1. Excluding A:Thr275 itself, calculate the net charge of residues whose Cβ lies under 12 Å from the Cβ of A:Thr275, where each Lys or Arg counts +1 and each Asp or Glu counts -1.
2. Could you pull out the pairs from A:Lys42/A:Lys205; A:Lys205/A:Lys228; A:Lys42/B:Lys378; B:Lys52/B:Lys74 whose alpha carbons sit more than 28 Å apart here?
3. Per residue of the range A:208-225, what does 6.51 cos²θ - 1.76 cosθ + 1.60 with θ = phi - 60° give for ³J(HN,Hα)? Whole Hz please, x for Gly and Pro, Karplus curve as stated.
4. For the range B:224-383, taking Cα atoms only, what is the radius of gyration to one decimal and the Dmax to the nearest whole Å?
5. Listing B:Phe87, A:Phe274 from the residue with the fewest other Cβ atoms within 10 Å to the one with the most, what is the order?
6. Check the straight Cα-Cα distances from A:Lys263 and name the lysines below 18 Å, setting aside those fewer than 8 residues away within the same chain.
7. Quick one: 3J(HN,Hα) in Hz for the range A:245-256, Karplus 6.51/-1.76/1.60 with θ = phi - 60°, rounded, Gly and Pro as x.
8. Picking from B:Ile267, B:Leu215, B:Thr181, whose Cα lies most toward the positive end of the charge dipole for the range B:156-267 (charges on Cβ: Lys, Arg +1; Asp, Glu -1)?
Amino acid sequence: MGLDGIIILDNNGRPIIQSGFRSSTTVYPLLHIDAVNNALEKAERPADVDPVLYIPNTTDVSSACCHVQAGDLRFLCPVSGDVDPLLAFAFLQTFIDILREYLGTVSAATLRDNFDIVYQLFEETLDVGGHPLTTYPNALRDIVIPPSLMNKLLSVTGTNFNSTINSGFGAGAAAGPFSSPIPWRKTGVRYNNNEIYFDIVEHLKAIVNKNGVTLSSNVHGKIEANAKLSGTPDCSLSFTNPQVLYDCALHPCIRLLRWNRDKVLSFVPPDGRFTLMDYTYSSQSPNSPLPTSPNVALPFVIKPNIELEDSGGSFDVTLTSRYSTHALENVVAELHLGQGAGGIRCSVSRGSGGGGFINAAESRNSGSSGGSNRASWSFDAQRMILRWEIQIVPPSSSWSLHGSFVTANRAPRPSHAIRVCFDISSHTYSALKVGQLKVTNAKENYKPYKGVRGRSSGEVEWRW
Amino acid sequence: MSIRAPRKGENYELSVDLNSEYREKRKDAIKRVIASMTVGKDVSGLFPDVLKNMQTDDLEQKKLVYLYLMNYAKTQPELVILAVNTFVKDSDDPNPLVRALAIRTMGVLRAEKIIDYLCDPLQKCLRDENPYVRKTAALCVAKLYDLKPELVIDNGFLEQLHEMIADSNPMVVANTVAALTDIHTAATSQSSLSPDDPALFPISASILTKLLIALNECSEWGRVAILNALARYVAKDDKESEHICERVVPQFQHVNGSVVLAAVKVIMIHMRGVRRDDLIKQLVRKMAPPLVTLLSSPPEVQWVALRNINLLLQKRPDILSNEMRVFFCKYNDPLYVKVEKLDIMVRLAGENNVDALLSELKEYASEVDVDFVRKSIKAIGQTAIKIDAAAERCVHVLLELIDTRVSYVVQEAVVVMKDIFRKYPSTYEGIIPTLCANLDELDEPEAKASLIWIIGEYANKIDNADELLGIFVDTFVEESYPVQLQTLTAVVKLFLKKPDSSQGIVQRILNTATKDCDSPDVRDRAYIYWRLLSTDPGAAKAVVLAQRPPISIPRTTVPPALLEELLGEVSSLASVYHKPEETFVGRGRVGADSVVQRKTDADGPSDDRFSAQKALQTVAAGQQAENLLDFDDTPAVEGRPSGLAATEVLSHTPAAANLLAGTSSNPLDDLVSIFGAPAAAPATPATPAGPSAGGGGGPHDVFGGLGGMGMGMGSLGSLGSLGSPAVPGALSSPSPSVVVPPSQQNQQPQDDLLGLF
C-alpha cells in the first residue's frame, strides 16, 4: 500500500535501476514498465500519455503507475491502494532533486556510475511499506555521503577514511544523525565566512490574443535561499511591500504564526540551498478573496504577419521590446509549422531602436538554420518547430524574422500561436523589496554577509 | 556451499577480489557485484564471499552487503541465516545508523527464520534513545505484522506503538501513525474481524490532540500520514469539527502539493460537521488559491489538481467563479491537461464570461489536434445548452466553424447542432440549409445520424427532405446501425408530416430494413413502425412525433451520493478517476479483485454492452407501443414472440423491469439510441456478469445509493459525462437472453405484417 517503489527508465524504455519491490512479486515492476512503454508507443506525442496509468492485474492487486519525464529519463512510481497520485508526483520530484544534488546531472551515464549511491538513496527515502522517509537534503547528507565528498575524503584521509565514517560524517554528525532538534538543519555547522543569499525568482505566464490583448497573465514567484551560517542562526526577513505576495506556500522552517500576523518571515534556515517560499503575485489588497490577475505589462510586443497559401506560407514577425531599462535575454520564439512543413527560407534582422550596433541581415537559401551571432533561427524537422533565438534584446530594440515555408502535398496547418520564452536579470515583475534581514545568534556573534537579487523569466503564448 | 563460481570469468574475478586482503579492493568488488546485479547478471553464486564482508566498520560497505542480501534473500533463504548473528549484533551497535540499518534490513528480508530473531532487537530499538532508530523500528512493526501478526500482538508491540504517538519527536510520531495505519488497513482487509481487534487504530480524542500537535512539526510526508489519519476521525460535535478545520487550514500554505491536497480532504470531511456559515465560507475561500497555484506546476501535477478541482466545483460551484482565465489552454499543454481544463471552463461558464469562453473555444477549434478540436466544439454545444442567453452566439460560432470546411470540424459541429436543436426546438431553422449543404462531407456515423435526425425533425420545413433522405435510403444497407436507425425514424417522420409525397420512400425503407438488414434492432424498429403505420397512423403520430423532454447539461458528472463519497477522498486515486475506490483497487473495502474497469479500457468490451442497451431500449419502446395498440389482438403474433412480444417475458425479471421503467418514460426516443452510441464510450460500469448490464439506459434501483445516473445518461452521454459507476456484486444484471430475439423468429410474422401493410 502506498508508493511501491521507483523505477528509472532510459530513453528507450529500458530499466536502468529500480528499488527493491520487496513486498511485491517480481513481475510487478515489469508490468508497470510494460504498461508505460505500451502507452508511450501508442501515443502520438509522448507528452500526451496520461500521467497516471491504470495497471490491471488478474492475479495480484491492481495498481496505478505515476510517471514523469526528467531529461532523457523517465521515472516510474507504481502505487497500490488508494494513494494520492500527487504524493507520488511530489515524491518523484523530490527524489529527482535529491539525485541532482548528489550526482550533478541526472542521466543514464551518471546513474550507471553511481548505482551504489542510488540504491542507498532508494533505501533512505522510501520505506518498503510505501512511506516516503527522509528527504531533507541536510539530514540525508548525514546518512548517505555524496560521491564528491567521498572522493574528497578519500584523497585527503586515505585509509583513515573508515574511521571517519564510523564516527559520522562532516562536522554536523558528531552527535549522531537525527539528533538535531531541528529536523531540517544539522547541528554544529561552522563557516569561516558567514553568508546568506536570497534570489527572488519570478515567472510570468501569459496568453495574448490575435488583437494583442492579454487574455490571461499570472506571475508565480519563489524565494530561493542559500544559507552558509554557523551555529543555529535565527533569521527574520521583512518586506517593504508584502501586499504583493499572495497565496504563499512556505518552507516548514518558517514560523507560520509570525508570518500570518506580521508578514515577517522568521526562521532557522536549513544549511545550504533551499526554497524559502513560493507565492503568486497579486496587485490586490490582501483582504479581497481572490486575486484577479494583476496587469503585468508584457515586456515585448509581437507583430505577427503570417500569410498562408495553398501549399505553404510566408511570415514576417517583428518583436519589439517594451522595456526601457532592462534587456531581455535568451529570447526564444517558437512556431509550430504543422505536419509536412519544410523548405524553410528565413532571414533574421535587427530593426531600429535601442542602442548598440546593428547586425547585418543575413539570409541563407539552403540549410536548415542561419542567422547572425546575436540572433539566429533553426528548424526542428522532427517536431516541426521553427525556432528564432535572440541572445539579447536591448531595451526598446526591435527584431524581425522574415521568411517562408512550403508544405508537401497538403494545406499548411501551423499552430496559431507563437510561444516566446525569455529571461530578464535583475528584475522582478512584482517589485518585491526586502526591507530588512536580521540574523541573530544566541551563542556566536557574527555579522553575516547578506545579498538579495531579483531574476525573472517568462513564457508567453502570442496568438495570431 | 554447493554453488561455486567457475575458476574463470567475471564472477571468479569478483570472488577473488571479495576475498582480497585489502579493504579498498574488497569494497570496490562489492560495488561491482551490486552493479552486475543491477544490470541483471546472476551474481548469486558469490553469496558466501559477499557475506564475509558483512562485518565491517565501514558503514557504506555494510549497506551494500545488506543490499545484496536483501536482493537474494528470496532465492537463497538458507544462506541468509548465516547473517543473523551479525544482524543481531549490529542492532546493538553504538552507531545509531547501524542499529537502524540492521532493524530495517531484518524487517525487509521476509525470511521466516530471521523473523524469530527479530523480536528482541525490535523491542530494544522501539525504546532507543535515537529518534531515527525509533522511527525505523516503528515502521518495522508494520512489516512484522504483515508477515506474522501474532508475533506483534504477543510481544506487545502494538501497545508500544500507541505509546509512541506521544513521542517527543514529531518524525517518530508521524512514522508511528503510518505504521499503525498500515496495520489497521491490513487488519480491516481480513474477512473475520472483531470490532475490538487490537490491530485496529481508531482515532480517539486524545490521539487527535497529539496528532494536531505533531502536524505542524514534522516533515511533509509525515504531515500527509497524519492528515490521512485525521480524515478518519469522527468528530463529536460541531465545535470539534471547527477546531480540526481551524488547525488544519494552515497546511494550505505548505509548499508540497500533496500536503495541500491531503489538507483539502480533511477540511472537506470535517466541514460537513461545521455549522457556522461564516467559517464554511472562509474555508471554501481559502481552499481555492492553493489549488489554482498547483496549475503552475508540471503537467502531471496540474492534471491531478484539475481532476480534484473538477470534483470540488461540482459540490461548490462558487469557489472559482471569477477564475476562468486561469484555465485557458495553451497550445503546448498536453492533451490530458487541455481536456480537463475545457471541462472546468464549461463548468465555470456564466453569462458574464461566456464571450471570453466562446472566443477561446473558437480558437481551440482551429488547432491541429483532432481530438482536442472535437472536444472544443462539443464544449461550444454544452455552453449553448447551459446558458440560454448565449445559445445564439454559440450557433454563430458553430456556423463559422462549418464555414472552414475542415471535415472533422464540420462533422462535430453538426453533431453539436443536433443537441442545440433538441434544446431549442424551432429556433434555428434558418441554418438548416447550411447544414444540409454539407451533407456530402459527412462520413462519420454520428454526424450522419445527427443530420438525418435534424432532417426528419424538420421534414415539413425542408422542401427536398425526401430527396435528401433518399440518398441515405439508397445506401441504407451499407450504413452503420445508428445511421440506419436514424434514417428509418426520419423517413417515418417525413411520411407522417408529408404523407402524400413520401409514400414510396417509406415503403422502400421499411422493406429494406425488414428484409435486408442484419441488425435485429433495426429490423424490430422497422416492424414496429410498420405496424403502427398500418393500424393507426394517428397513434403513430402521437408516438413518433411526440414532444421530447428537454435536455440540459448535468451540473455534476457523478451522481450526488457518489460525489459526497468522492469528496471525502479528495487527494486519492478515487478522486482522480471520479470513481469509488473499490471499482479500481482490488484490495480494500469490498475486496473485489475481479472488478477491474477503467475508462480507457472500456473501448473494447463496451460494444456488446451498447448493442445490448440499444436492444433493450428498442424493446422498451415497443412496450410503450403495446399500450397504444392493444397488440395482443392482432393475429400476426400467434404465439411467436417477435420483438414486441418478448417484452412481456422481459417484464417478469425484476432487473429488466427496472430497465424498462427507466426508459419507457421516453417513448421511442430515437435520440437516446444515437446518444447512447459511441459517444458514451467512456462510461464504464463494472460488470462482473458480462456484457449485459446497461450503462446508458441506467437501472436506477440496481445502482443503489451510488447510482442515479439513470435516465439522463442516455441523452447526456455525448455531453461528455465520465461514466456511471457500479457496485460490483450488487448488480443483478438482466440475463443476456432477454435482449435479442433470435432472428429466425422474425420470418413468419414478417409475412403477416407485409400483408397487413
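Here, each number is a calculation from the coordinates, and none is a lab measurement. The shown structure was predicted, so the numbers you read here are calculated from the model rather than taken from an experiment. For neighbour counting, all protein chains shown are included, and Cβ atoms are generated from backbone atoms with ideal geometry for every residue, glycine included.
1. Neighbour charge sum, excluding A:Thr275 itself: -2.
2. In this structure, A:Lys42/A:Lys205; A:Lys205/A:Lys228 exceed 28 Å between Cα atoms.
3. 10, 7, 5, 8, x, 8, 6, 7, 8, 8, 8, 10, 10, x, 8, 10, 9, 10
4. Final numbers for Rg and Dmax: 17.5, 56 Å.
5. A:Phe274, B:Phe87
6. A:Lys222, A:Lys433, A:Lys438, B:Lys286
7. Ordered by residue, 3J(HN,Hα) equals 8, 9, 6, 7, 10, 10, 5, x, 6, 7, 7, 5 Hz.
8. Checked the options; the winner is B:Ile267.
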